[in-house]
Each structure stands twice: as C-alpha cells, then as structure tokens.
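See below for the structure under consideration.
The values are calculated or read from the model by the stated rules, or taken from the named source; none is laboratory data. Everything numeric in this text was worked out from a predicted model, so none of it was measured. Backbone-built Cβ (ideal geometry, glycine too); neighbour counts: all protein chains shown. Quick note on the areas: whole protein, heavy atoms, side chains included, nothing else; ligands and nucleic acids left out. Shrake-Rupley method; radii C 1.70, N 1.55, O 1.52, S 1.80 Å.
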Amino acid sequence: MFLILATLWGTSFVAIEVGLHHFPPILFAALRYDVAGLIVLGYALYSTDRWRPRERDEWLQTAVTAVFVFAAYHALLYIGEQHISGAVAAVVISLSPILTAGFGSVLKVDDPLQPLGAIGFLCGIAGVVVVVQPEPGTALSTSLIGVLLVFIAGTSFALGTVLTRPLDSGLPVQTMEGWSMLLGAGLLHVVSFGRGESFAAIEWTGPAVVSLTYLTLVSGVVAFLLYFELLDRLGPTEINLVGYLEPVVATVATWLLFGDLVDSTTLFGFTIIFAGFALIKRHALSGYLRRRLSTDRLP
C-alpha cells in the first residue's frame with residue numbers, strides 16, 4: 001500500500017505536467033477537486049456518522065486545510081510546473097516534511113529542534129539551493145521562478161499541516177478532507193476567474209481527459225483513501241517517507257513518457273534534502289526500525 005501510494009502521488013506530478021498543455025493552470029486544479037471532493041464527501045457519508053462539520057473548531061480545521069493544503073498549494077504547484085518538469089517539482093516538494101518539522105518547532109506544536117535537527121533543517125534548504133543552481137545573472141530565469149513557486153507551494157502545505165494540529169476536533173478525516181477539497185476548489189475557481197482563465201481555453205484532447213481523470217480519481221480519490229488507511233496504521237513519521245519515493249517515481253515516469261531524466265545535480269540536491277529529514281526525524285526513524293526488526297524476529 002505504501003509503494004502504491006508513492007506511485008500514485010509520484011506520477012501525479014507528471015500527469016499535471018501533461019495536463020498543463022491543455023488546461024489553464026488554476027482552472028485545472030479547481031476542476032480536479034470539484035469532482036474529487038464530491039466523491040470523498042460521498043465516501044464520508046457512506047463510511048462515517050459525521051458527514052459535515054458542526055462545531056466552530058471543525059469548520060476552522062476544514063477551512064485551514066482548504067486554504068493552505070488545497071487552494072494555495074495546488075495553485076502555486078500548477079503555475080510552477082509551467083516552468084519546470086514534474087520530476088524537479090517532486091524533488092522540491094520533498095522538502096515539505098522538513099518544513100513541517102520547522103514550523104512545528106517554531107509554533108510549539110512539536111518539540112523544539114535540537115542542534116542536529118537544526119542542521120537537518122539547513123540541509124533541506126541547502127538541497128533546494130542545489131536543485132535551483134543559482135548563478136549570477138539568472139535571478140529571474142523561468143526555471144528559478146518555477147522552483148520558487150513550487151517551494152512556496154510546499155511551504156503552504158507544511159504550514160497548513162502544522163496549523164491544523166491544535167485544531168484536531170475529532171471530525172472524521174474523510175469528512176474533513178471532502179469539505180476541504182470542495183472549499184479549496186471554490187477558492188481556486190475564484191482565483192482562476194480573477195486571472196482571466198476560461199473554460200473556452202481548455203483543449204479537450206485525449207491526453208487532457210486522461211490527465212484530468214487520472215489526477216481526480218486515481219491520484220486524488222484512491223490515493224487519499226490509501227493515505228487515510230496508512231496514516232492510521234503507520235503514523236505520520238513513516239507516512240512522511242512517501243515524499244521521498246515520489247521524486248523517484250516522477251523521474252521514472254518522466255523518462256518513460258518524455259525521454260527526459262533529471263540531472264546529477266538535482267539528484268544530489270534530493271539526497272541532501274533526504275539527509276536533512278533523517279537528521280530531524282532520527283529518533284522516530286530509529287524507533288520505527290527497532291520495532292520493525294523486533295517484529296521480523298518473531299516466529
């Protein structure tokens with residue numbers, strides 16, 4: 001299930017790259033979550049006894065997720081992927097778990113970062129700098145703009161994840177995600193309209209339909225349902241590791257579809273980002289490995 005989830009979310013970066021040739025970016029993201037939100041909310045109605053938020057904290061948790069995780073994250077990611085490949089975007093987004101730990105420490109939701117954790121955070125930032133490869137005179141290059149937009153998207157996702165922790169209201173995750181998707185899609189439609197995007201600009205080609213369908217049903221609905229199940233079984237630390245398989249999947253998918261591979265510098269930057277995550281989460285990761293090893297030894 002873990003590998004399937006990494007595959008579904010890793011290939012989503014490439015599916016976005018394909019769809020952006022046929023859709024205005026913000027409208028593309030909005031349409032994806034119009035449908036996915038309705039399906040997930042229908043699943044919540046079927047599988048839980050709470051199909052809508054009722055209390056103030058429940059609506060606040062839903063609204064924060066809608067704004068940061070669905071609206072801002074996807075708007076910036078889709079615009080950013082107009083300038084960089086899906087594989088590079090996946091590498092930059094792999095910084096999100098490190099940013100989550102940093103925000104958690106600053107906002108006192110998690111334990112403060114210890115010296116090694118602080119070094120890990122700096123490693124993550126350094127990894128993104130390596131990916132960007134800034135040079136004098138290229139400050140406004142399209143690739144740099146794309147990386148920065150995707151970096152801000154990952155920052156929004158991380159901040160939204162941290163801000164919802166104190167708001168945990170007991171609302172079923174399916175219900176919260178379904179409403180967040182729909183509210184986020186509404187915000188995306190507002191931004192899309194403000195940017196002058198229109199349905200008339202959509203090119204309903206075969207690749208466009210396949211891309212939107214895949215992102216909505218497979219990378220959206222199916223992947224999120226897998227995520228709910230794995231989060232309950234494994235906890236947040238191991239789930240964060242999905243973010244480090246996604247760039248591998250995205251790179252392979254980009255190679256198969258377009259014949260392109262990320263360069264060695266980008267891979268080196270990704271390695272630095274992962275090392276930073278390992279430093280920050282070293283205690284949780286070592287504890288998980290000890291549990292796994294002890295379980296494997298049982299007859």
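Here are the numbers for the structure shown:
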{"read-out": "Shape box of segment 1-60 [Cα atoms, principal axes, largest first, Å]", "value": "41, 30, 21"}
{"read-out": "Largest-first principal axis extents, alpha carbons of segment 167-228, Å", "value": "42, 27, 10"}
{"read-out": "GluC sites (Glu not before Pro), loop per DSSP, at most 14 other Cβ atoms within 10 Å - longest free stretch of the chain", "value": "56-202"}
{"read-out": "Spin-label model distance (nm) - Ala118 vs Met1, 7 Å beyond Cα toward Cβ", "value": "3.9 nm"}
{"read-out": "Carbon/sulfur fraction of accessible area - segment 29-177, other protein chains in place, 1.4 Å, %", "value": "66 percent"}
{"read-out": "Helix runs (DSSP H) in the chain reaching 27 Å along axis by Cα, Kyte-Doolittle at least 1.0", "value": "25-47, 142-164"}
{"read-out": "Rounded to the nearest 10 Å², the accessible area of Trp255 at probe 1.4 Å", "value": "130 Å²"}
{"read-out": "Compactness relative to 2.2 N^0.38 Å, alpha carbon Rg of the chain", "value": "0.99"}
{"read-out": "Value of [θ]222 nm, deg cm²/dmol, for the chain, DSSP H segments ≥ 4, -39500 (n - 2.57) each, nearest 500", "value": "-23500 deg cm²/dmol"}
